[in-house]
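The values are calculated or read from the model by the stated rules, or taken from the named source; none is laboratory data. Predicted, not measured: the structure shown is a model, and the values here were computed from it. Note that we place each Cβ from the backbone using ideal geometry, even for glycine, and neighbour counts take in every protein chain shown.
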Amino acid sequence: MFSMFGALLKKGLYALIAREYDPKTVTEIRLRTGRPVVVQTIYKRGIVHLASGLPYKAEQDDIAHALAVASNHSIYAVNDDLVRGFLHFSGGIRLGACGEGVSERGDMLALKSISSLMLRLPHEVKGCADAVFSRLLAADAKTALIISPPGCGKTTMLRELARLFSYRLNTLIIDERLELAACVGGAATLDTGECDVISGVDKTVAYENTIRAMSPELIVTDELFREREVAAVLDIIRSGVGVLASVHAKNLDALKKSAVFAPLVDTFECFVTLGNNPVGKILDIEFRKTG
Amino acid sequence: MVVNFIAGGMFAVGSSLIGMAARRHYRQRLEIYSELCAFINLLKSEISFLKTPVGGVIDEFCQGKNGVFHAALKKYNEDLKKGAPQNQCAENLELSPLKTGEKKEISKFLCSLGKLPQKEQLNELECYGAKFSVLQKKSEEECKRLGGMYLKLCVLLGIALMIIVL
């Protein structure tokens, strides 16, 4: 998987990263114009050094190269994604982008002068969800919320749970940002078992369309964010379909304090909190007290 | 006498071949600009309706065609797929019938592709389309006037040499 980064990075930079870090553990690479390149692995965070020992500073050309390759040399084809702040590349690699927005009457039309890129590499960790899966089965729970700050392995955990459940239930993955299944040409490139996958579609649209068309018993989706997404998920659970989802929060208490996300706490049956030391560490599995 | 006859014939044939090469040169220039304009038109329709990536448009445009421009475009696309920088791929275009300055213009055009959002990209394509259609008309005129003239001159020169030798 790391070798896919090779296409996005200029040859020299790729070699420098591979020399300093174990490719199998790299989860993120950050390029900021004129600043040292930062690499995040499962275990540590560091910068990239030149052979002389000095830090390698990213140039505009490094960013332009990554953008060109990720967009297939066609920014116009990915402009909508770029406006939303990210691009996706083969194998589920996601590129977060920051730059200058171009707006007209309040609508963002484009993102220009991109000066920061974050390349995030998905990881398949078979077995990382075994403990959660067995607890869910034991409790006969079909709704679970994975909670953690960014970069703690929520997506990896969800993918693995989806794979495990897919052999028992009709499981549908709604992969809005193409990270869960990393579809290329409609086919998942990461192991999602027997799941059906709808990718690149807004969650709320996908919920409506697929519940009628695919009759799933379980829906798996990543990063609930807006109020309407929360409302849609609550509606799905009410209709009797199981949901495995993730949300950004420090822990369950933080979620309870949020006006937007608090209703989730009253609806989901199980809450799994993840930490980042090491990435993906299960800090807590809590079941909602009923009655 | 036989030697003179053979030499005269060779002069006539050689000179005609040079004339034909000159005509072919102008025809190739015309073909390059005509195909370039057709490529821009295809880009405009593909980008405006389907947002097809540049590589996909090139594949579609070059499918089953073997002209000078198609060969250059195919190589450009292959180099891009191998991960070479876009400007380097564009600089290595093999368009021998064109002068260095003209080749640079086409390289600049290819380099500009895919760097803008849809609306701006289409506007830019419109500008390049207008620019290259002027060059297409110019090369069409050159092809008729100069290509034909060089061929006739060379044939006449060959006949004249043959007469002198005989």
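Condition test on B:Lys115, is it of a type in the set (D, E, K, R), more than 20 Å from the chain's Cα centre (by Cα) and within 23 Å of B:Ile47 (Cα to Cα)? Here the answer is yes, as B:Lys115 does meet what is asked.
Here are B:Ala12, B:Ala7, B:Ala22, B:Ala38: which of them is in contact with a Phe, Trp or Tyr (Cβ under 9 Å, 6 or more places away or on another chain), more than 14 Å from every other protein chain (Cβ to nearest Cβ) and farther than 20 Å from B:Cys127 by Cβ? From the options B:Ala12, B:Ala7, B:Ala22, B:Ala38, the qualifying one is B:Ala22. Across the stretch B:68-80, which residue is nearest to B:Leu36 (Cα to Cα) among those that are more than 9 Å from every other protein chain (Cβ to nearest Cβ) and touching a helix residue (DSSP H, G or I) at 6+ places or on another chain (Cβ under 7 Å)? Of everything passing the filter in the stretch B:68-80, B:Phe69 is nearest to B:Leu36 (Cα to Cα). When the stretch A:204-229 is filtered for residues that are surrounded by 20 or more Cβ atoms within 10 Å (Cβ to Cβ) and modelled with pLDDT of 90 or more, the ones remaining, listed by number, are A:Pro216, A:Leu218, A:Ile219, A:Val220, A:Thr221, A:Asp222, A:Leu224, A:Glu229.
Of all strands (runs of 3 or more DSSP E) completely enclosed by the stretch A:230-291, which ones contain at least 2 residues that are crowded, with 20+ Cβ neighbours inside 10 Å, free of Cβ contacts under 8 Å to residues at least 60 places away in the same chain and of a type in the set (Gly, Ala, Ser)? It would help to see each step written out before you state the result.
On the way: elements: A:242-248, A:270-276, A:279-287.
No strands (runs of 3 or more DSSP E) qualify here.
What about B:Ser139, is it among the hydroxyl-bearing types (Ser, Thr, Tyr), touching a helix residue (DSSP H, G or I) at 6+ places or on another chain (Cβ under 9 Å) and outside any loop (DSSP other than H, G, I, E, B)? Yes; evaluated as a whole, the condition is true for this residue. Filter the stretch B:80-104 down to residues that are surrounded by 17 or more Cβ atoms within 10 Å (Cβ to Cβ) and part of a helix (DSSP H, G or I), then give me how many there are. Result for the stretch B:80-104: 5. Residues in the stretch B:8-41 that are of a type in the set (Ser, Thr, Tyr) and out of contact with any Ser or Thr (no Cβ under 9 Å at 6 or more places or on another chain): B:Ser15, B:Ser16.
Of the residues contained in the stretch A:198-213, none is found to be of a type outside the set (Gly, Ala, Ser), touching a Ser or Thr at 6+ places or on another chain (Cβ under 7 Å) and under 21 Å from A:Ala129 (Cβ atoms). With the structure loaded, tell me whether A:Lys142 is within 27 Å of A:Gly6 (Cβ to Cβ) and over 16 Å from the mean Cα position of the chain (by Cα) or whether it fails that test. Criteria not met by A:Lys142. Among residues of the stretch A:55-78 being over 11 Å from A:Phe89 (Cβ atoms), among the small types (Gly, Ala, Ser) and assigned to a helix (DSSP H, G or I), the one that is nearest to the other protein chains (Cβ to nearest Cβ) is A:Ala77.
Elements of the type strands (runs of 3 or more DSSP E) sitting completely within the stretch A:105-210 and holding at least 1 residues that are within 22 Å of A:Pro278 (Cβ to Cβ) and small (Gly, Ala, Ser): these cover A:143-148. Being under 24 Å from A:Gln60 (Cβ atoms), more than 10 Å from chain A (Cβ to nearest Cβ) and of a type in the set (D, E, K, R) is a property that does not hold for B:Lys99. Restricting attention to the stretch B:56-67, the residues that are facing chain A (nearest Cβ under 10 Å) and surrounded by fewer than 18 Cβ atoms within 10 Å (Cβ to Cβ) total 1. Report yes if A:Ile29 is of a type in the set (Val, Ile, Thr), outside any helix (DSSP H, G or I) and more than 14 Å from chain B (Cβ to nearest Cβ), otherwise no. Yes, satisfied. Quick check on my filter: what residues within the stretch A:5-47 are in contact with a Ser or Thr (Cβ under 6 Å, 6 or more places away or on another chain) and of a type in the set (A, V, I, L, M, F, W, C)? Within the stretch A:5-47, A:Val26, A:Ile42 qualify. Among residues belonging to the stretch A:111-124 that are more than 26 Å from A:Asp222 (Cβ to Cβ) and within 14 Å of chain B (Cβ to nearest Cβ), point out the one that is surrounded by the most Cβ atoms within 10 Å (Cβ to Cβ). The extreme case among them is A:Lys112. Among residues of the stretch A:7-33 that are among the hydroxyl-bearing types (Ser, Thr, Tyr), those with a beta-carbon under 6 Å from a residue that is assigned to a strand (DSSP E or B) at least six positions away or on a different chain give the pairs A:Tyr21/A:Val39; A:Tyr21/A:Thr41; A:Thr25/A:Thr41; A:Thr27/A:Gln40; A:Thr33/A:Ser115. Return yes when B:Phe132 is in a helix (DSSP H, G or I), surrounded by 16 or more Cβ atoms within 10 Å (Cβ to Cβ) and more than 14 Å from chain A (Cβ to nearest Cβ) and no when it is not. So B:Phe132 fits the description; yes.
When A:Arg19, A:Arg32 are screened for being crowded, with 17+ Cβ neighbours inside 10 Å and of a type outside the set (Val, Ile, Thr), only A:Arg32 passes.
Taken over the stretch A:187-206, the residue count meeting the criterion of being over 17 Å from the mean Cα position of the chain (by Cα) and of a type in the set (D, E, K, R) is 2.
Residue check: A:Leu95 meets all listed conditions (1) surrounded by fewer than 21 Cβ atoms within 10 Å (Cβ to Cβ); (2) outside any loop (DSSP other than H, G, I, E, B); (3) not acidic (Asp, Glu) but one, namely (1).
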